[in-house]
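Structure first, then comments.
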Amino acid sequence: MPCGLLDLASDVELQPMSEVSASKRLPWLASPLTAAHRGLAVAGLSLYALSWITPSIDGRRLGAGAFVDAAVIGARLTFHSVSVAAVIAGISLLCGWLANFSIVLRLSARARLLWITAPWVPFAVLLLSHGPAPSPLPMLYFYPWAIGIGLIHLAHLGTCRTDESPAVADPPDGAHQPDRIPGERDPIKNPR
């Protein structure tokens, strides 16, 4: 009788996702990755997860706290500031915060490119003129977070490129096809 998750996991045989189970997925969730891009996504997800428990340079804060703080500070700067620079800093913080949710969505290639840059925009804005917001340099959790999000999107971009490749053209009429004898009629093109 299994007594833990590892025992339960050893009893389960992993099967590749069938077309039926793939069609039951929610349409807005990210599409499954090819084997070639899975390693990049796993590395990105590992860095992203690590960022939640990475401390700041002084050891007083963790990345999970920054998740909440980014939304609170971003909203405060955006909606309660009189300075245009503070409003821009707040909007950029909120865009960076929203990048957390972009990793699970099915997005176009252009949108993925935008979400790769989204974490770096508030970093640049706060680095240039952080004003009432903290400087981003001592936030060690930022780096695995932003790089992880970028790697996840890059993995999906590679899948987008593979999916958008042109289909193989049909052979010209009369060309030899291994499943038919030359000269035999094609039952699909010439039904009786």
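The values are calculated or read from the model by the stated rules, or taken from the named source; none is laboratory data. All values reported here derive from a predicted model rather than from experimental measurement. Cβ: placed from backbone, ideal geometry, glycine included. Neighbour counts: every protein chain shown.
Take the residues in region 125-154 that are at pLDDT 75 or above and closer than 17 Å to residue 83 by Cβ, then tell me which one is surrounded by the most Cβ atoms within 10 Å (Cβ to Cβ).
Out of the qualifying residues, it is 125.
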For this session: Residues being more than 20 Å from the chain's Cα centre (by Cα), basic (Lys, Arg) and either surrounded by fewer than 13 Cβ atoms within 10 Å (Cβ to Cβ) or not in a loop (DSSP other than H, G, I, E, B) (or both): count how many of those fall in region 31-89.
Result: 2
For this session: Report yes if some residue within region 69-89 is in contact with a helix residue (DSSP H, G or I) (Cβ under 9 Å, 6 or more places away or on another chain) and closer than 15 Å to residue 150 by Cα; otherwise report no.
Result: no
Exercise. Taking region 101-119 on its own, how many of its residues are buried (at least 18 other Cβ atoms within 10 Å of the Cβ) and assigned to a helix (DSSP H, G or I)?
Worked result: 4
Exercise. Residue 88 fails exactly one of the following numbered conditions: (1) in contact with a Phe, Trp or Tyr (Cβ under 8 Å, 6 or more places away or on another chain); (2) touching a residue at least 24 places away in the same chain (Cβ under 8 Å). What is the number of that condition?
Worked result: (1)
